[in-house]
1. Could you check which residue among Ala133, Ala233, Ala248 shows the biggest mean-square fluctuation in a GNM of the chain with a 10 Å Cα cutoff?
2. Just report the Cα centroid separation between segment 269-290 and segment 179-217, whole Å.
3. I'd like to know which of Phe150, Val137, Leu6 lies farthest towards the positive end of the charge dipole of the chain, counting +1 on Cβ of Lys and Arg and -1 on Cβ of Asp and Glu.
4. Compute, for the chain, the length of the dipole vector about the Cα centre, with Cβ point charges of +1 (Lys, Arg) and -1 (Asp, Glu) only. Units Debye, rounded to 20.
5. Quote the charge dipole size of segment 11-81 about the Cα centre in Debye, to the nearest 20; the model charges only the Cβ of Lys and Arg (+1) and of Asp and Glu (-1).
6. Determine the principal axes of the Cα atoms in segment 3-87, then give the extent along each, sorted from largest to smallest and rounded to whole angstroms.
7. Before rounding to the nearest 500, sum -39500 (n - 2.57) across all DSSP H runs of length at least 4 in the chain and divide by the residue total; then give [θ] at 222 nm in deg cm²/dmol.
8. For q = 0.16 Å⁻¹, what log10 I(q)/I(0) does segment 166-261 give under the Debye formula with an equal point scatterer on each alpha carbon and no solvent?
Amino acid sequence: MNLKHLQAFHAVFSTGSVTEAARRLHLSQPAVSRMIADLERELGLALFVRQRQRLVVTGEGRAFFREAERALAAVDQIVDIARDIRTLRGAHLRVVAPMIVAFGLMPAVIKAFTALHPKARVSLEIRNITELADWIVTGPFDAGITMLPFEDARVECEHLVTARCLLALPKSHRLAGKPYVRLSELDGERMILPPHGIPNRDRYAAALAAANASYDGSIDTPSAFSACQLVGAGLGLAIVDPFTARAAASFDLVAVPLRPAIELSFGLFFPANRPRSVMVQSFAKAARSALLPRAR
């Protein structure tokens, strides 16, 4: 049964006139008359009879109208459901990230996503970087953002942004007023680093060693944001990504570029072999729009 035929019948029943029904449906009067005739022929029912040049609904037509109205209401509901799916109204996005991402760049990404879909719900799970693949593959998570490289056959990764690290240091520090700090100038400083076993620990340590900078590494923390708090408390210096440095701007510290530069790459990752929903695609789009202008 043609949906347009039901709509034509509903319009004629509601207005009592083929002319008014045609105007409401933005169709010609003959087109509406043909739709009614086709519907009656298909149903084997006389829905209207003409009396003195007027259409009068038959008893069968009244009975059919009640069923047609329910059917059209169901169609409207399906359209509404499709719109809600398309606009993510009531959707629940579940993302997972390590601390460096969760406290650094993720707030900007979630803000961009919720600006596009204000009715969507977002849950952020913070996990150790070594556990991320397990969480997104075995848990109810849709996507994640992490540092690259991130190699695991169970996930698919896409490069998102590469950013140059900054040196976070107290405002009163001797290097605070410089336009940039050379790694060699950190010789003898207390550096607040990630714990052993975290990839960035080795990366920062190698860069400092290449610059012949001997340092005190007696304080470590897995969170770059926590490292900034410790810097603000005057406990040392920290190499951090620019997103975390921006988030920690209210602390009593400054963040300056490093020479030579230390770069960190971040990427989106998804469960492998799982189709990406409209919601996940929208999250990826929001991440790119939020972070590309902030990379430097």
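Readers should treat all values here as calculations from the given coordinates under stated rules, not as data from a laboratory. Remember, predicted model here, so these are calculated numbers, not experimental data. Methodologically, a virtual Cβ is constructed for each residue, glycine included, from the backbone with ideal geometry; neighbour enumeration extends over all protein chains shown.
1. Of Ala133, Ala233, Ala248, the Gaussian network model singles out Ala233 as fluctuating most.
2. 35
3. Leu6
4. The dipole magnitude comes to about 1300 debye.
5. Dipole magnitude for segment 11-81 comes out near 420 debye.
6. Principal extents (Cα only, largest first): 50, 25, 20 Å.
7. Value at 222 nm, helices only, nearest 500: -13500 deg cm²/dmol.
8. The calculated log intensity ratios at q = 0.16 Å⁻¹ are -0.56.
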